[in-house]
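*Asks:* Got a structure here, written out as structure tokens. Questions coming.
The values are calculated or read from the model by the stated rules, or taken from the named source; none is laboratory data. Note that this is a predicted model, so its numbers are computed, not measured. Note that each Cβ is placed from the backbone with ideal geometry, even for glycine, and that neighbours are counted across all protein chains shown. Side chains included, ligands, DNA and RNA excluded: accessible areas come from the protein's heavy atoms. Shrake-Rupley method; radii C 1.70, N 1.55, O 1.52, S 1.80 Å.
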Amino acid sequence: MRTLSLIDRYIARNIAVPLIGTLVLAAMLLVLDKMLRLFDFVVNEGGPVSVVFRMLANLLPEYFALGIPIGLLLGILLAFRKLALSSELDALRGLGTGYGRLLRVPYLFAFVLLLLNLFIVGWLQPWTHYGYERLRFDLRSGALGASLKVGEFNTLSRRFTLRIDRSENGGTQLHGLFVQADRGGGSVVATADHGRFLATDDPETILLRLERGRLIQQSPKFEVPRTLAFETYDLPINLPRIDSFRQRGALDETVEMTLPELIHASYGGGATGESQLAARANLHFRMVEVVMMLLLPMLAIALAVPPKRSSSSLGIFVGIVMVVAYHKINQWAEDAGAQGRVIPEVALYVPFFLFAGLILWMYWTLSKPGGQPIG
């Protein structure tokens, strides 16, 4: 910042505070909305609560991909709105400082955030989306060590059923156990006051150590069932085999492809037919979403300056609606391009150039003496 003038540093401070605040607020709102649904999903699957925060961490890049453009827009808009309402903008304009000069710092923010967003949508988001889907798979398959449900019959494998009355110390101490295991053509039914799981040298087998209980063993070899009262009894449990998760992008998930992989699938012969269309649509969707950030400083200034003798905040509302609506149009265009209804490049770049033309017209109108694009 030392190479910037006093005016530039003043504008930079006014942009940074609302920009960071908007990013944090947007991320918190989106995370809180998703957190409730993830808690419900994880609890229903019987997984550990800690996995919720791992899943949320994998969703943050997706939220920031949209939050960064909105944060940039609001940061610049609120900074210049403050300058306009305090008449500082008129003073700067009276000194001969044009909007082009005042856009120097906003475009510095825009270029830095554009590179950050390009890294997020081009490399980080594909990996975190894959990580999120893998956590969902692990939850459903039990690879995350689903917790035992107290007061219910839990099936640990096809031949082993366990019920517990009470659990303590994060599941390491079990109380009031009922166990049924089928093995070797017979079955074992046991009750115990206490129990705990122990690891073995075999990763596919664990031991359930029962304490102070009774055991009944049935087998075709026995004329009558055998009973046993014990102080300690170790019952081996064969863990079910868990399928490994698919490779990244194995299901033609273009959202899981990095930018170089998308380019190869789109134009380098890496995909054909519908897969190629989907790759082209997703590639250009990411590109227009990122390049659009270069237009936001001009849009923000055009919406920041209210009509004379007015403190209307209409520009803030219009700016948010325009960015979100453009994002939704791009999503529709990507779907239409992936399905072959429209050429992907046409579907995505026509709205981009129309949006760019509207912004340039608004900025040109503002730059004229007395011009007001939303007056």
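*Asks:* Restricting the search to the stretch 249-285, which residues are among the aliphatic types (A, V, I, L, M) and in contact (Cβ under 8 Å) with a residue 24 or more places away in the chain?
*Replies:* Step one: list which residues in the stretch 249-285 are among the aliphatic types (A, V, I, L, M), which gives 250-251, 255, 257, 259, 262-263, 265, 271, 277-279, 281, 283.
If the condition is that a residue be among the aliphatic types (A, V, I, L, M) and in contact (Cβ under 8 Å) with a residue 24 or more places away in the chain, then V255, M257, L259, L262, L277, A278, A279, A281, L283 are the ones that fit.
*Asks:* Considering only the stretch 8-29, state which residues are among the small types (G, A, S) and closer than 25 Å to L56 by Cβ. Lay out the reasoning, then the answer.
*Replies:* Pass one, the stretch 8-29, residues among the small types (G, A, S): 12, 16, 21, 26-27.
G21, A26, A27, listed by residue number.
*Asks:* If D138 satisfies every condition in (1) among the charged types (D, E, K, R); (2) within 15 Å of Y10 (Cβ to Cβ); (3) surrounded by fewer than 19 Cβ atoms within 10 Å (Cβ to Cβ) but one, which is the exception?
*Replies:* (2)
*Asks:* Now for a separate question. Quick check on my filter: what residues within the stretch 201-229 are under 26 Å from D165 (Cβ atoms), open to solvent by less than 50 Å² (accessible area, probe 1.4 Å) and either out of contact with any Phe, Trp or Tyr (no Cβ under 7 Å at 6 or more places or on another chain) or not small (G, A, S) (or both)? Break it down into steps so the answer makes sense when it comes.
*Replies:* So the first thing to find is which residues in the stretch 201-229 are under 26 Å from D165 (Cβ atoms), and the list is 205-218, 225-229.
Of the ones still in play, those that are also open to solvent by less than 50 Å² (accessible area, probe 1.4 Å) are 205-208, 210, 213, 215.
Once the filter is applied, which keeps residues that are under 26 Å from D165 (Cβ atoms), open to solvent by less than 50 Å² (accessible area, probe 1.4 Å) and either out of contact with any Phe, Trp or Tyr (no Cβ under 7 Å at 6 or more places or on another chain) or not small (G, A, S) (or both), the stretch 201-229 yields T205, I206, L207, L208, L210, L215.
*Asks:* Here's a follow-up. Being of a type in the set (G, A, S) and surrounded by fewer than 18 Cβ atoms within 10 Å (Cβ to Cβ) is true for just one of G340, G315, G319. Which residue is that? Before you say what the answer is, go through the steps one by one.
*Replies:* Numbers: G315 fails: surrounded by fewer than 18 Cβ atoms within 10 Å (Cβ to Cβ); G319 fails: surrounded by fewer than 18 Cβ atoms within 10 Å (Cβ to Cβ).
Matching residue, one of G340, G315, G319: G340.
*Asks:* Among the candidates V288, V321, which residue alone is under 28 Å from the mean Cα position of the chain (by Cα) and without any contact (Cβ under 8 Å) to a residue 40 or more places away in the chain? Spell out how you get there, then give the answer.
*Replies:* Values: V288 fails: without any contact (Cβ under 8 Å) to a residue 40 or more places away in the chain.
Exactly one residue qualifies, and that residue is V321.
*Asks:* Name the residue, out of S275, S312, that is assigned to a helix (DSSP H, G or I), hydroxyl-bearing (S, T, Y) and farther than 22 Å from Y326 by Cβ.
*Replies:* Numbers: S312 fails: assigned to a helix (DSSP H, G or I).
Of S275, S312, the one residue that is assigned to a helix (DSSP H, G or I), hydroxyl-bearing (S, T, Y) and farther than 22 Å from Y326 by Cβ is S275.
*Asks:* Same structure again: Do any residues in the stretch 348-375 that are farther than 22 Å from R286 by Cα have Cβ atoms under 9 Å from those of residues that are among the hydrophobic types (A, V, I, L, M, F, W, C) and modelled with pLDDT under 80, where the two are at least six apart or on different chains, and which pairs are they?
*Replies:* From the stretch 348-375, the pairs are M362/I374.
*Asks:* Being of a type in the set (S, T, N, Q) and outside any loop (DSSP other than H, G, I, E, B) is the filter here, so list the residues in the stretch 350-375 that pass it. Spell out the reasoning first.
*Replies:* To start, the set of residues in the stretch 350-375 that are of a type in the set (S, T, N, Q) comprises 365, 367, 372.
T365, S367, listed by residue number.
*Asks:* Within the stretch 285-296, count every residue that is open to solvent by 20 Å² or more (accessible area, probe 1.4 Å) and either β-branched (V, I, T) or within 19 Å of I343 (Cβ to Cβ) (or both).
*Replies:* 4
*Asks:* All but one of (1) at pLDDT 90 or above; (2) among the β-branched types (V, I, T); (3) not in a helix (DSSP H, G or I) hold for I263; state the number of the condition that does not hold.
*Replies:* Going through the list (1) at pLDDT 90 or above; (2) among the β-branched types (V, I, T); (3) not in a helix (DSSP H, G or I), I263 breaks only (3).
*Asks:* Also, quick follow-up: Helices (runs of 4 or more DSSP H) wholly in the stretch 1-118 with at least 3 residues that are open to solvent by 80 Å² or more (accessible area, probe 1.4 Å) and without any contact (Cβ under 8 Å) to a residue 24 or more places away in the chain - which ones?
*Replies:* Working: elements: 6-45, 50-85, 88-94, 99-102.
Ranges flagged: 6-45.
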